[in-house]
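The values are calculated or read from the model by the stated rules, or taken from the named source; none is laboratory data. What you see is a predicted model, and the numbers here were worked out from it, not measured in a lab. Cβ atoms come from the backbone with ideal geometry, glycine included; neighbour counts cover every protein chain shown.
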Amino acid sequence: MARAKKRADGRYCAQIYLGRDENGRKQYKSVYGKSPAELKEKETAIRAQLGRGLDVLSQRDSFTQWAEDWLHIKEAEHITDRQMENYRRAVALWEDELQGFEVGQVRADDIERVLLDLAAQGYAQRTVSLYKSTMHQIMERAVGRVIAANPADQVKLRAAGRKEEQRRALTAEEQQWIWDTPHRAQPVAVIMMLSGLRRGELAALTWNDVDLQNRTITVNKVMEYDSNGTPSLRHVTKTEAGMRTVDIPKRLADYMAAMPRDNLLVVHTVQGGVMTVSAWVKLWRSYMAELNRKYGTRTPADLERLKSSKPGPKKLDMTIPNITLHWLRHTFCTLLYLSGVDVVQACAQMGHADVSTTLRIYTHLDAIHKRKSVDKLDAYLASGN
C-alpha cells in the first residue's frame, strides 16, 4: 500500500506509482479518502483496475472529449444525413447534461436521471431510446481502456417516454376514403398505399423511375431532411436494401397513367419544387381535414361552429383516425400478406434491410387474422347454426 498522508482539509491522500511515460517521467495517481479505511478501499480498487490493464489516468479525460471522438468516428461511417443529425443532437444533449464530468465519473444514476427527465418532458419512446443508445455507444469505447464496465448497461428503462401510436394498416373503409376523396395529396396516399414507398423515396421519385408498361417503380435515390426540414438528394447504392424495383398492381399503374406529367418529379410542391418537411405537413394536414369533413362525426361544438355567420371554412373537431404516411406503407405490407406474397419477396418489395423486420410484421399479422378467424367461429356458434 502507498503511504498515506493527512491533508490540511482533513482528508487522507496517497499516491500510487503507475510507471513511466513515453518520455521516461514517473507517473502517479493521487487517491483521496475521508478516512484511512476509505483511502485503502479506493487504492485497492485502482490497483484492481491497473491489474485489468485500464488506463486510470485517462479516466480524467472529459466526457465531452470522448463524445466528440465517438461522433467523428460516426461521421466516417456510411450512414444517412438524417441519422448523423440525430446523433449530433443526442451528443449535444449529453455534453450539456454531463458538462464538467470526467469519463470515469459517469454513473448509471446520471444516465438514468437524464433519460427520465426526457420522458417527463414528453419525448417519444423512440427518441429516449436513441439518446440511451448514443450514450451506450460512447461509453462502450471506454470499456477495457479506462473503465471496467459500461454504466449504460445498468440502466433499465422499459418504455420510457411518450408512447407513440402503433402503426397499423388502413381498414377497407379507410382505403376507400382515399380513393373517393380527390385532393392534391391523393396521389401521395395512393402511391404509398400500393407501392410501400417511404416519404423520402416518394419525394425523390421522378417519372423516369416509373415504367407503367411493365408496372414497376425503380427506387434508386432518396430525399433526406436535416433538422430544419431542408431536403437533400442522396443516390442509393446497389448494396443498400433501399435500392430496389417495386412491382406495382394494375390499379396503381392505371391511376398513375392518368396523373399529369407537368413536372419531372412525381410529387412536388404547388410551385413545382421539391417537397420540404413543412410542405409535407401542410399538404397532409389539409388532406386529413378534408377526409374528416367528409367522413367524420360532427360534435356538438362542430354544430355550433357551422351555425356561425363568420365567413370562411369552419374548423371541425378531428373524429376520424389520424392516418399517417407510415400507416399507408404498413397497409402495402398488409396487402402483400393478404395476397399470399411470401416473406422474402415482401422484404424485397418493402426495401427492408433485414428479412427479420418483414417477418416480425407478418408474424403480427398472423396473430391478428388468427384471432379474427376464431371470432368468426364464435359468432357462427353463437348463431345456433
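Does region 287-302 contain at least one residue that is touching a residue at least 60 places away in the same chain (Cβ under 8 Å) and surrounded by 18 or more Cβ atoms within 10 Å (Cβ to Cβ)? Explain how you work it out, then say what you get.
Going residue by residue through region 287-302, those that are touching a residue at least 60 places away in the same chain (Cβ under 8 Å) are 287, 290-291, 294-295.
Among the residues that remain, those that are also surrounded by 18 or more Cβ atoms within 10 Å (Cβ to Cβ) are: 287, 291.
Yes: one or more hits.
Hey, among Leu325, Leu316, Leu303, Leu338, which residue is modelled with pLDDT under 90 and closer than 29 Å to Tyr362 by Cα?
Leu338
Based on what the data block shows, is Thr245 more than 15 Å from Met275 (Cα to Cα), surrounded by 14 or more Cβ atoms within 10 Å (Cβ to Cβ) and modelled with pLDDT under 95?
yes
Is it the case that some residue within region 134-142 is farther than 18 Å from Arg88 by Cα, touching a residue at least 60 places away in the same chain (Cβ under 8 Å) and not hydroxyl-bearing (Ser, Thr, Tyr)? Steps first, please.
At the first step, the residues of region 134-142 found to be farther than 18 Å from Arg88 by Cα are 142.
Keeping just the survivors that are touching a residue at least 60 places away in the same chain (Cβ under 8 Å) gives 142.
Now drop any that are not not hydroxyl-bearing (Ser, Thr, Tyr), which leaves 142.
Checked against the condition, which is being farther than 18 Å from Arg88 by Cα, touching a residue at least 60 places away in the same chain (Cβ under 8 Å) and not hydroxyl-bearing (Ser, Thr, Tyr), region 134-142 yields at least one hit.
For region 114-136, enumerate the residues that are in a helix (DSSP H, G or I) and more than 14 Å from Asn86 (Cα to Cα).
Passing the criteria: Val114, Leu115, Leu116, Asp117, Leu118, Ala119, Ala120, Gln125, His136.
Can you tell me which residue is farthest from the chain's Cα centre (by Cα) among those in region 75-90 that are among the aliphatic types (A, V, I, L, M) and more than 19 Å from Phe63 (Cβ to Cβ)?
Ala76
Would you mind telling me which numbered condition in (1) part of a helix (DSSP H, G or I); (2) under 24 Å from the mean Cα position of the chain (by Cα); (3) surrounded by fewer than 12 Cβ atoms within 10 Å (Cβ to Cβ) Leu328 fails?
Here Leu328 clears every test but (3).
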